[in-house]
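Below: one structure, written as structure tokens.
Rule-based calculations on the coordinates, nothing more; no lab input. Everything numeric in this text was worked out from a predicted model, so none of it was measured. We place every Cβ from the backbone using ideal geometry, glycine too, and count neighbours over all the protein chains shown.
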């Protein structure tokens, strides 16, 4: 039986239109989800804490891969409107052929937001975070990059006409456990949203407790980290980090002369 192509063309056109409509709906739904995440102020920097945190009734899962086969995994839960609690654990040599060298203890984070951001005033949060980064050195009893421990953080977001949303972050912290300093340290950060799904993060830690440490980890320039964050959907983000761009850490502790490279995956879900 011979089929008349003129009679089938309206059916084919309807099928093509239906396929096109489905693709448009999928793209629009994906774009709307990504826009939801992209329009939020950044709650997480690289190493430095911010005045933000997960929303109440939600948790933020994080998986980070760093040099020497290191892996760090954990989550942060928004328990109340102003309080969040987190738990992390990992170590080096997890990826590779060597035996894993686990961190001596889990990392615990707690944050309390004392003041919300207003038109004129920044947000203020105080917290505790004993999770450092890099490998743990038993002889010096510290992480390669010290944890913040007790800290206070300020954060303020600005909406520019052509640059989009920009966040400024400042803080002070004291680590009485790693090394023998226990002195105050300072940190500052900047995040810039280039497009809705793409943001640049830059943070600098003065590392005053590294410069004067007995083991002399730092050269006095501070630690500068830069990251690129890509938001794939409402709940998923991928970060690419460049660590210690100023080559502040001495070579015998860095394990090389190049800039450190890391990957972080973040996933947000409601309880």
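Once a ≥ b ≥ c are taken as the square roots of the eigenvalues of the Cα gyration tensor of the stretch 135-240, is the result rounded (a/c under 1.5), prolate (a/b larger than b/c) or oblate (a/b not larger than b/c)?
Prolate.
Order these by the 10 Å Cβ neighbour count, fewest first: 81, 243, 264.
Result, fewest neighbours first: 81, 264, 243.
Using Cβ counts within 10 Å as a stand-in for footprinting exposure, how do 234, 203 rank, fewest first?
Ascending number of Cβ neighbours within 10 Å: 234, 203.
Report, in whole Å, the centroid distance computed from the Cα atoms of the stretch 55-104 and the stretch 197-246.
Computed from Cα coordinates, the inter-centre distance equals 17 Å.
Figure the gain on full extension for residue 160 and residue 271 (residue separation times 0.36 nm, minus the Cα-Cα span) and round it to one decimal in nm.
That works out to 36.5 nm of additional length.
Describe numerically, in nm with one decimal, the distance between label points set 7 Å from Cα along Cα→Cβ at residue 108 and at residue 55.
About 2.9 nm, to one decimal.
P(r) tail for the stretch 41-270, what percent of Cα pairs lie past 21 Å?
Cα-Cα pairs in the stretch 41-270 separated by more than 21 Å: 56 percent.
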